[in-house]
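Student: Below is a structure I'd like to ask you about.
The values are calculated or read from the model by the stated rules, or taken from the named source; none is laboratory data. Nothing here was measured: the structure is a model prediction, and the numbers come from that model. As a convention, Cβ positions derive from the backbone with ideal geometry for all residues, glycine included, and neighbour counts pool all protein chains shown.
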Amino acid sequence: MATNVPPVSPSVREYREQESHYIRVTVTFANGAFVMPASLPAGALITSTLVLVETAFSAGASLTLGSAAGGNDLAAAADTAVTAAGVKRPDTATLKGRLAADTTVYGTIAGAPAAGVATIVMHYVPNNDG
């Protein structure tokens, strides 16, 4: 790990054992822009993303996930389909392969919904081969 560099906020979540990791957050229609509770470590591979829409979002709302604020390189609006309840498994992200650096995951709920609840889970495996 590099030294004398500012830490990623939120901090990276990485256990040293050979095991799958995840980060999870529940959001509501009132969240707007949000940040996942932990960042993904450099070299990690995202293995899956799950969006459980518990209560459908109203007013044509959309949900995107990205490696930058307002981005959609991790999950596009069409892939999360938050206007219908159910489990969504977006797998068309443009950010593929090993992450080049510690990566904060940003989310955006767009539109003007008056209802909606979703839980987002990102599964990943860190680069702990060595």
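Student: Collect the residues in region 86-109 that are surrounded by 15 or more Cβ atoms within 10 Å (Cβ to Cβ), at pLDDT 90 or above and hydrophobic (A, V, I, L, M, F, W, C), keeping them in residue-number order.
Tutor: Result: LEU99, VAL105, ILE109.
Student: Cβ-Cβ distance below 8 Å, separation of 6 or more or different chains: which pairs start in region 8-28 with a residue that is farther than 16 Å from LEU74 by Cβ and end on one that is modelled with pLDDT under 95 and among the aromatic types (Phe, Trp, Tyr)?
Tutor: These pairs meet every condition: SER20/TYR124.
Student: Output the residue which, of all residues in region 13-28 that are charged (D, E, K, R) and more than 17 Å from ILE109 (Cβ to Cβ), is surrounded by the most Cβ atoms within 10 Å (Cβ to Cβ).
Tutor: By that ranking, first place goes to GLU14.
Student: Out of curiosity, is ALA112 in contact (Cβ under 8 Å) with a residue 24 or more places away in the chain and surrounded by fewer than 17 Cβ atoms within 10 Å (Cβ to Cβ)?
Tutor: yes
Student: Working only within region 67-84, note down all residues that are surrounded by 15 or more Cβ atoms within 10 Å (Cβ to Cβ) and of a type in the set (A, V, I, L, M).
Tutor: Hits for region 67-84 are LEU74, ALA75, ALA76, ALA77, ALA81, VAL82.
Student: Still on this structure: From the list THR64, THR119, which residue is outside any loop (DSSP other than H, G, I, E, B), loosely packed, with under 15 Cβ neighbours inside 10 Å and modelled with pLDDT of 95 or more?
Tutor: Result of the check over THR64, THR119: THR119.
Rundown of residues vs (1) outside any strand (DSSP E or B); (2) on the phi > 0 side of the Ramachandran plot, yes/no style:
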| residue | (1), (2) |
| --- | --- |
| GLY70 | yes, yes |
| ASP79 | yes, no |
| THR83 | yes, no |
| VAL87 | no, no |
| PRO90 | yes, no |
| THR94 | yes, no |
| ARG98 | yes, no |
| ILE109 | no, no |
| ALA112 | yes, no |
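Student: Which one is nearest to ALA59 (Cα to Cα), of the residues in region 16-44 that are polar (S, T, N, Q) and outside any loop (DSSP other than H, G, I, E, B)?
Tutor: Looking at residues that are polar (S, T, N, Q) and outside any loop (DSSP other than H, G, I, E, B), I get THR28.
Student: Among what's in region 49-61 and is among the hydrophobic types (A, V, I, L, M, F, W, C) and part of a loop (DSSP other than H, G, I, E, B), pick the residue that is surrounded by the most Cβ atoms within 10 Å (Cβ to Cβ).
Tutor: PHE57
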